[in-house]
Amino acid sequence: MKAIIDVDTLLIHAALAAQENYVIVTHTPTGRQKEFPTQTDFYGHHAKKNGGWLASTNLEREAKGLVVFDVNEFDVKQYTRLVAVDDVSPEVVVKGRFKQKIEAITSQEWCSDYVICFGRGKNFRYDVAQTQPYKQGRPEKPLLYNVVRDYMLHKYKDKLLVVDDIESDDAVAKLMFEAWVRSGKNHDKLDSVGVFVDKDLLQVPCLWFNFDKPEHGLTKITPLEAARNLAKQLLCGDQTDSIIGLPKLMPELCEKYKIRKTASIGATTADNLLKDVQTPKELFERVVEAYRAFYGDDKQPFTSFRGDVGERDWLDHMDEQFQLLRMRTSDKANPHVSVFLKSLGVRCE
């Protein structure tokens with residue numbers, strides 16, 4: 001079978017192979033400095049700040065009758081640097097690591113061919129996002145990310161599918177969905193395998209190979225599991241991409257479905273809301289019920305993070321989350337969420 005590879009995580013993991021993070025701690029009154037691998041090594045848990053080197057040093061000082069250090073006397077700054085591995089330059093290390101990761105996939109006994117999907121440019125979700133910016137606060141890419149990317153673009157050019165203005169996983173989703181249709185929606189007749197770690201792609205029925213957990217082999221994602229994964233995301237959102245999902249499950253629904261009340265909707269709450277549902281239609285009826293209960297049927301004033309003023313009801317809010325979370329399975333933009341719901345027989349009037 002052909003491996004359809006979502007390359008984004010592979011690029012990041014390879015580029016991280018030749019860098020390390022560290023912190024420099026400065027004792028402000030004296031200007032003395034000390035390096036630590038992490039903040040935790042310096043002062044323990046980030047909230048309590050009563051462990052690590054600081055705690056052990058203060059115990060020694062206290063035993064000697066010296067004044068103990070206050071954590072507020074220190075300034076902590078984080079840094080990143082490149083490192084050689086076994087005297088091999090960082091650039092060679094990251095290229096080699098990427099090659100190893102690709103070969104670990106293509107050497108699987110089921111793999112007869114492969115395609116690497118790579119998205120570039122600013123994708124459409126940045127414009128779709130209105131409630132809060134898409135992917136805000138994401139960490140900077142690794143120092144040698146561009147080195148690995150350029151290496152991939154050259155060495156694997158004959159195996160690359162490069163797409164503009166959509167994400168790599170949208171390209172993977174499209175190829176996986178085409179394979180699913182081509183198989184007659186039969187896992188045993190699939191000619192392709194989705195190779196990824198990103199949970200977003202679990203919205204598409206497929207054979208899945210998680211390259212971070214190769215020991216799991218090939219996993220079947222059924223149409224019902226795919227629908228459940230999308231429904232769950234519409235409730236939970238995606239913290240990694242700054243997608244809020246539904247902010248809260250209303251008390252009346254918690255009571256109706258015997259779910260413990262929480263301040264927000266996490267994976268456990270979403271699972272409990274959807275756990276006894278056995279059809280895609282019922283799954284999204286539950287999601288609609290939750291959105292409708294929280295936002296209401298009437299249009300309410302809404303101001304986007306950009307300052308645009310308008311009005312929204314539950315369906316408007318749900319459509320934004322749907323457009324952000326739903327993988328594209330064709331070259332066309334996803335329809336309005338109301339069209340998707342109606343295709344399942346879910347009423348949204």
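The values are calculated or read from the model by the stated rules, or taken from the named source; none is laboratory data. This is a predicted model, so every value here is computed, not measured. We place every Cβ from the backbone using ideal geometry, glycine too, and count neighbours over all the protein chains shown.
Values as computed for the structure displayed
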read-out: Qualifying residues in the stretch 201-223 (those that are in a helix (DSSP H, G or I) and either outside the structural domain of Lys174 (by TED's automatic domain parsing) or not hydrophobic (A, V, I, L, M, F, W, C) (or both)) - the one nearest to Gln278 (Cα to Cα); value: Pro223
read-out: Criterion: in a loop (DSSP other than H, G, I, E, B) and either assigned by TED's automatic domain parsing to the domain that holds Lys157 or under 24 Å from Ala3 (Cβ atoms) (or both) - qualifying residue of Glu91, Glu109; value: Glu109
read-out: Every residue from the stretch 224-243 that is touching a strand residue (DSSP E or B) at 6+ places or on another chain (Cβ under 9 Å) and assigned to a loop (DSSP other than H, G, I, E, B); value: Gly237
read-out: Candidate set from the stretch 213-231 (those that are within 17 Å of the chain's Cα centre (by Cα) and either among the acidic types (Asp, Glu) or farther than 20 Å from His317 by Cα (or both)); member that is surrounded by the fewest Cβ atoms within 10 Å (Cβ to Cβ); value: Lys213
read-out: Residues located in the stretch 16-52, provided they are out of contact with any Lys or Arg (no Cβ under 7 Å at 6 or more places or on another chain), crowded, with 16+ Cβ neighbours inside 10 Å and either part of a helix (DSSP H, G or I) or among the aromatic types (Phe, Trp, Tyr) (or both); value: Leu16, Ala18, Phe36, Gln39, Asp41, Phe42, Gly52
read-out: Subset of the stretch 232-263 that is of a type in the set (A, V, I, L, M) and within 19 Å of Arg125 (Cβ to Cβ) - its residue that is farthest from the chain's Cα centre (by Cα); value: Leu246
read-out: Extreme residue, surrounded by the fewest Cβ atoms within 10 Å (Cβ to Cβ), among residues of the stretch 66-82 that are over 30 Å from Ala18 (Cα atoms) and acidic (Asp, Glu); value: Asp70
read-out: Boolean, Asp198 is under 30 Å from Phe305 (Cβ atoms), outside the structural domain of Asp316 (by TED's automatic domain parsing) and not aromatic (Phe, Trp, Tyr); value: yes
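Here is a yes/no grid of residues against (1) in contact (Cβ under 8 Å) with a residue 24 or more places away in the chain; (2) over 26 Å from Ser107 (Cβ atoms); (3) not acidic (Asp, Glu):
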{"position": "Asp165", "(1), (2), (3)": "yes, yes, no"}
{"position": "Ser168", "(1), (2), (3)": "yes, no, yes"}
{"position": "Ala171", "(1), (2), (3)": "yes, no, yes"}
{"position": "Val181", "(1), (2), (3)": "no, yes, yes"}
{"position": "Lys213", "(1), (2), (3)": "no, no, yes"}
